[in-house]
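What follows is a short report on a single structure.
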Amino acid sequence: MQNKLPGDLKRVRVESVREIAENAYVLEYKRFFEFEAGQIISISLSAEEPPRMYSIASGEKDENIQVLFNVVSEGKLTPALSGLKKGDFIWTSPGFGKFTGTSGKACWIAQGTGIAPFASMFRSGQRVGKTLIHGGRYPDSFYYADEFELVLKENYIRCCSREIVPGTFHGRVTDYLNSLDSLSADSLYYLCGSSEMVVETRDLLIKKGVSFTRIVGEIYF
Ligand SMILES: Cc1cc2nc3c(=O)[nH]c(=O)nc-3n(C[C@H](O)[C@H](O)[C@H](O)COP(=O)(O)OP(=O)(O)OC[C@H]3O[C@@H](n4cnc5c(N)ncnc54)[C@H](O)[C@@H]3O)c2cc1C
């Protein structure tokens, strides 16, 4: 996927940057474009710096664009991004990318901040026929869990890999999928997270009988 060039970016004012869990931040600014849930944007701190890509986590009609990010300690952008205050400026693009949702049956499989595009689809009204399998290391890694749980109920499955939490599957999303006897053949499968997670999950789905034509992935590299 081609990143947006700095010249495509617009300077916008930050509304807020909040820490919502250890090392996880939500950045917001006023929406100035239409987009399709699941799309990404580019962000940079100046017109000269090469931008990084982020999924939009807010709904299509929300007043603000919301971005969920982890700070990479040696990273060029995220340590500075986490320190921004209301009124500071970022450079950002309109939405782009093809990882968009469906009104039909779908199984969303996310790891860490890979929950963002599904939050956008969910907040844009895609709820019927959706199952969300959400992987995280610790109990506070399940960003937006309250929203999903309220609506998706038993179709919202949390997989916590590093701690045993009552009511939560202990293990990774691949362990959870492996524990299932069968998988729905008429569902689409959307995967979002690190390259290891997306590739491993894709291979497992195919091994369990899902056609590769029903699998769509978005890799955060
Ligand atoms: C399509 C797409 C969508 C993305 N959406 C999101 C999103 O919604 N939220 C989000 O947090 N990130 C997302 N990313 C990742 C994001 O673009 C940046 O790569 C990330 O935020 C690090 O940027 P940085 O400038 O701080 O670090 P960089 O300066 O780019 O990286 C510094 C070093 O850290 C390594 N590194 C980069 N990212 C990680 C990581 N996550 N964990 C460990 N090491 C890492 C790099 O390999 C490099 O060695 C997405 C990436 C892609 C391709």
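Report yes if Asp140 is closer than 20 Å to Ala24 by Cα, in contact with a strand residue (DSSP E or B) (Cβ under 6 Å, 6 or more places away or on another chain) and surrounded by fewer than 18 Cβ atoms within 10 Å (Cβ to Cβ), otherwise no.
Yes.
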Residue list for segment 145-156, restricted to those being within 22 Å of Phe69 (Cα to Cα) and surrounded by fewer than 20 Cβ atoms within 10 Å (Cβ to Cβ): Ala145, Asp146, Glu147, Glu149
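Residues are listed down the side, and each one gets a yes or a no for (1) closer than 26 Å to Leu27 by Cβ; (2) in contact with a strand residue (DSSP E or B) (Cβ under 9 Å, 6 or more places away or on another chain); (3) surrounded by 18 or more Cβ atoms within 10 Å (Cβ to Cβ); (4) at pLDDT below 95:
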{"residue": "Asp88", "(1), (2), (3), (4)": "yes, yes, no, no"}
{"residue": "Trp108", "(1), (2), (3), (4)": "yes, yes, yes, no"}
{"residue": "Gly129", "(1), (2), (3), (4)": "no, yes, no, no"}
{"residue": "Cys160", "(1), (2), (3), (4)": "yes, yes, yes, no"}
{"residue": "His170", "(1), (2), (3), (4)": "no, yes, no, no"}
{"residue": "Asp175", "(1), (2), (3), (4)": "no, yes, no, no"}
{"residue": "Leu191", "(1), (2), (3), (4)": "yes, yes, yes, no"}
{"residue": "Val199", "(1), (2), (3), (4)": "no, yes, no, no"}
The one condition in (1) within 18 Å of Ile219 (Cβ to Cβ); (2) aromatic (Phe, Trp, Tyr); (3) exposed (fewer than 12 other Cβ atoms within 10 Å of the Cβ) that Phe32 fails to fulfil: (1)
Single condition Ser184 does not satisfy, out of (1) within 13 Å of Cys107 (Cα to Cα); (2) at pLDDT 95 or above; (3) part of a loop (DSSP other than H, G, I, E, B): (2)
Single match in Leu77, Leu84 (criterion: modelled with pLDDT of 95 or more, within 25 Å of Arg137 (Cβ to Cβ) and of a type in the set (A, V, I, L, M)): Leu77
Positions within segment 148-201 being among the hydroxyl-bearing types (Ser, Thr, Tyr) and more than 15 Å from Thr131 (Cβ to Cβ), in sequence order: Ser161, Thr168, Thr174, Ser194, Ser195
Complete set of residues in segment 187-221 that are in a loop (DSSP other than H, G, I, E, B) and more than 16 Å from the ligand (Cβ to nearest atom): Ser187, Lys208, Gly209, Val210, Ser211
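The values are calculated or read from the model by the stated rules, or taken from the named source; none is laboratory data. These numbers come from a predicted model, not from an experiment. Virtual Cβ from ideal backbone geometry, glycine too; neighbours counted across all protein chains shown.
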